[in-house]
């Protein structure tokens, strides 16, 4: 009998916890801006390295359409130092329940690599393609997890990004 009553109490508490209204964040408006920072894990093209992206600037063309300009710097790994500038479009930020969103990523990238061993530099221009996940912490602050693959004429480079952005 005690187990039965305990099971009923747990079921009622669980039902109460999940009976909340769905949380939807306030829609951004055309002309809104966002600024953020984050951490990167870049892999491919013979090197895996960690990095940061500061700043990340976003501009909303429409409530669910935005452009993003980001500068990414990768710390030294295997005697190479990388950095790149991305100009991406998130053509449709799809709202889900509880302040979560998913979005596709398409864009352009300028990638620079310096190899210390042979003192060589090279630039590549490429295309970005990927997807992202966004969670609204507050109406103006959100966290994101994003994966992009940069395609160049001779090789590709993957980037996994974790960041936070303030929208104003």
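The values are calculated or read from the model by the stated rules, or taken from the named source; none is laboratory data. Because the structure is a prediction, the values reported are computed rather than measured. Glycine also receives a Cβ, built like all others from the backbone with ideal geometry; neighbour counts cover every protein chain displayed.
If only residues of region 158-168 that are buried (at least 19 other Cβ atoms within 10 Å of the Cβ) and farther than 22 Å from residue 63 by Cβ are counted, the one that is modelled with the highest pLDDT is 161.
Consider region 92-140 and keep the residues that are out of contact with any strand residue (DSSP E or B) (no Cβ under 9 Å at 6 or more places or on another chain) and either assigned to a loop (DSSP other than H, G, I, E, B) or surrounded by 13 or more Cβ atoms within 10 Å (Cβ to Cβ) (or both). The one that is modelled with the highest pLDDT is 138.
Return the residue satisfying two criteria in turn: it lies in region 124-137 and is touching a residue at least 40 places away in the same chain (Cβ under 8 Å) and out of contact with any helix residue (DSSP H, G or I) (no Cβ under 9 Å at 6 or more places or on another chain), and of such residues it is nearest to residue 98 (Cα to Cα). Before the answer, list the steps.
Here is the first cut: in region 124-137, the ones touching a residue at least 40 places away in the same chain (Cβ under 8 Å) are 128, 132, 134, 136.
The next check asks that each one be out of contact with any helix residue (DSSP H, G or I) (no Cβ under 9 Å at 6 or more places or on another chain); those that pass are 128, 132.
Numbers: 128: 29, 132: 16 Å.
Looking at the filtered set, the residue picked out is 132.
Among the residues of region 61-77, those that are under 17 Å from residue 107 (Cα atoms), part of a strand (DSSP E or B) and within 16 Å of the chain's Cα centre (by Cα) comprise 65, 66, 67, 68, 69, 70, 71, 72. Regarding region 139-151, can at least one residue be identified that is within 29 Å of residue 29 (Cα to Cα) and in contact with a helix residue (DSSP H, G or I) (Cβ under 6 Å, 6 or more places away or on another chain)? No. Quick check on region 142-157: of everything there that is surrounded by 15 or more Cβ atoms within 10 Å (Cβ to Cβ) and more than 13 Å from the chain's Cα centre (by Cα), which residue is farthest from residue 34 (Cα to Cα)? Residue satisfying both the conditions and the ranking: 152. Tell me, please, whether a residue that is part of a loop (DSSP other than H, G, I, E, B), at pLDDT 90 or above and on the phi < 0 side of the Ramachandran plot can be found in region 32-47. Within region 32-47, one or more residues are part of a loop (DSSP other than H, G, I, E, B), at pLDDT 90 or above and on the phi < 0 side of the Ramachandran plot. Looking at region 70-86, is at least one residue more than 15 Å from residue 40 (Cβ to Cβ), touching a strand residue (DSSP E or B) at 6+ places or on another chain (Cβ under 8 Å) and at pLDDT 95 or above? No - not one qualifying residue is present in region 70-86.
Go through region 150-159 and report how many residues are touching a residue at least 40 places away in the same chain (Cβ under 8 Å) and not in a loop (DSSP other than H, G, I, E, B).
Of region 150-159, the ones touching a residue at least 40 places away in the same chain (Cβ under 8 Å) are 150, 152, 155-159.
Those still in the list that are not in a loop (DSSP other than H, G, I, E, B) too: 150, 156-159.
So the answer is 5.
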